Every structure is written in structure tokens, then in C-alpha cells.
Amino acid sequence: MGFCTSGPDGIYSGFGTHGHGRGLADFLTRTRRIETSQETMKRDDDGRNGDDDLEHGIALKSRTKTKKPSMYKVLMLNDDYTPMEFVVHVLESFFSKSHEEATRIMLHVHQKGVGVCGVYTYEVAETKVNQTMDLAQQHQHPLQCTIEKE
Ligand code: TYC
């Protein structure tokens, strides 16, 4: 789990003749940035950059950008029936909270109506919500929790 990748960026398809409206200084800056970036300096066996621009004789390199995944809050909702000890047990078991932290979160939800159990990537958040709701249902407690994008 972790990082998503997206397609290449920072590529110039040519120089001068395509009318992109970018100046020479911009081109040189971008080219230098690409050439000095460690992760883009992998060369072919012949020692040349892999994406040499054959038409223009200018070495260009594509870059694969890593992006941080979106994060999601798991929110717990108060109700009048779920026992406090059950909520504390859920927070300890599925959200890895200490007994003290679980008690603090439970009391916050009890008093304010809603509280944050933790912040996770989408799949992890979804798993924790399902674990919580499944256990609550098995014990016939109406406890609810939801996911909210940060
Ligand atoms: N309000 C519940 C009670 O008084 C306790 C409770 C706390 C229930 C937090 C749900 O998310 C909750 N027994």
C-alpha cells in the first residue's frame, strides 16, 4: 500500500517550431531540472539517455511522478444504547488505541456526538468501518461510523 503513480510529465516534445508559447529560458530551465534529477539519470547501455529526441538531437527524459494518497477520517457517531465499554473495546481492537486514548475518544463522541477514530488511506478506513459495524451488529448495538475525506 502507499503511493500511486501517474503518467509521465515534464516532457518537451520539441523545440522552437511547435509554437507552444514557452520561451527559451523556460525550456533551458526545465531541461536542466530534468538532467540534474538523480532518478531520471538512468542511461541506456550506450550511455545515452533513453528518450533522445531523434528529430532535434536534444536529450529529453520523461519523469514518473509519485503522489501521496488521499487520506480519510473514520468518524464514530454517538447513540443512546451502545455500551461505553464496547466503544472503548472497538477503539482498542480496530484502531490500535491505548485504553486511555480509547476512553478519551469514546467520551468525546458521547459528549459531542461525533469524533475521529483515526485517519487512513481509503481501503484501510473502509476495512476499519466494516470491522466496527460487523462487531456492533453481532452484539446488536446500533453503533455507527463513517468515512470522510480529509
Ligand atoms: N452514548 C453511549 C452511552 O451512553 C456511549 C457511546 C459512546 C455510544 C460513543 C456510541 O460512539 C459512541 N452508553
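The values are calculated or read from the model by the stated rules, or taken from the named source; none is laboratory data. Values in this document were obtained by computation on a predicted structure and should not be read as measured data. Cβ atoms come from the backbone with ideal geometry, glycine included; neighbour counts cover every protein chain shown.
Checking segment 102-112 against the condition returns no match, with no residue being part of a loop (DSSP other than H, G, I, E, B) and of a type outside the set (Asp, Glu). Test residue 60 against the stated conditions and say whether it is at pLDDT 70 or above and of a type in the set (A, V, I, L, M). It is true that residue 60 is at pLDDT 70 or above and of a type in the set (A, V, I, L, M).
For segment 104-122, give me each residue that is closer than 16 Å to residue 132 by Cα and among the hydroxyl-bearing types (Ser, Thr, Tyr).
Filtering segment 104-122 down to residues closer than 16 Å to residue 132 by Cα leaves 105-106, 109, 114-120, 122.
120, 122 - these are the residues of segment 104-122 that are closer than 16 Å to residue 132 by Cα and among the hydroxyl-bearing types (Ser, Thr, Tyr).
When segment 107-150 is filtered for residues that are free of Cβ contacts under 8 Å to residues at least 24 places away in the same chain, within 28 Å of the chain's Cα centre (by Cα) and closer than 17 Å to residue 85 by Cβ, only 108 remains.
Restricting segment 79-122 to residues that are loosely packed, with under 13 Cβ neighbours inside 10 Å and closer than 16 Å to residue 141 by Cα, which is farthest from the ligand (Cβ to nearest atom)?
Narrowing segment 79-122 to residues loosely packed, with under 13 Cβ neighbours inside 10 Å: 80-81, 83-85, 96, 98-100, 111-113.
Filter once more, keeping what is closer than 16 Å to residue 141 by Cα: 80-81, 83-85.
Details: 80: 6, 81: 7, 83: 5, 84: 5, 85: 9 Å.
The qualifying residue farthest from the ligand (Cβ to nearest atom) is 85.
Checked against (1) surrounded by 15 or more Cβ atoms within 10 Å (Cβ to Cβ); (2) within 16 Å of the ligand (Cβ to nearest atom); (3) among the basic types (Lys, Arg), residue 61 passes all but condition (2).
State which residue pairs qualify: first residue under 20 Å from residue 119 (Cβ atoms) and inside segment 75-95, second residue among the charged types (D, E, K, R) in any location, beta carbons under 6 Å apart, and separation of 6 or more residues or different chains. Sorted first by the residue in segment 75-95, then by its partner, the pairs are 75/148; 91/97; 94/128. Every condition in (1) more than 15 Å from residue 71 (Cβ to Cβ); (2) out of contact with any Asp or Glu (no Cβ under 8 Å at 6 or more places or on another chain) is met by residue 102 except one, and the failing one is (2).
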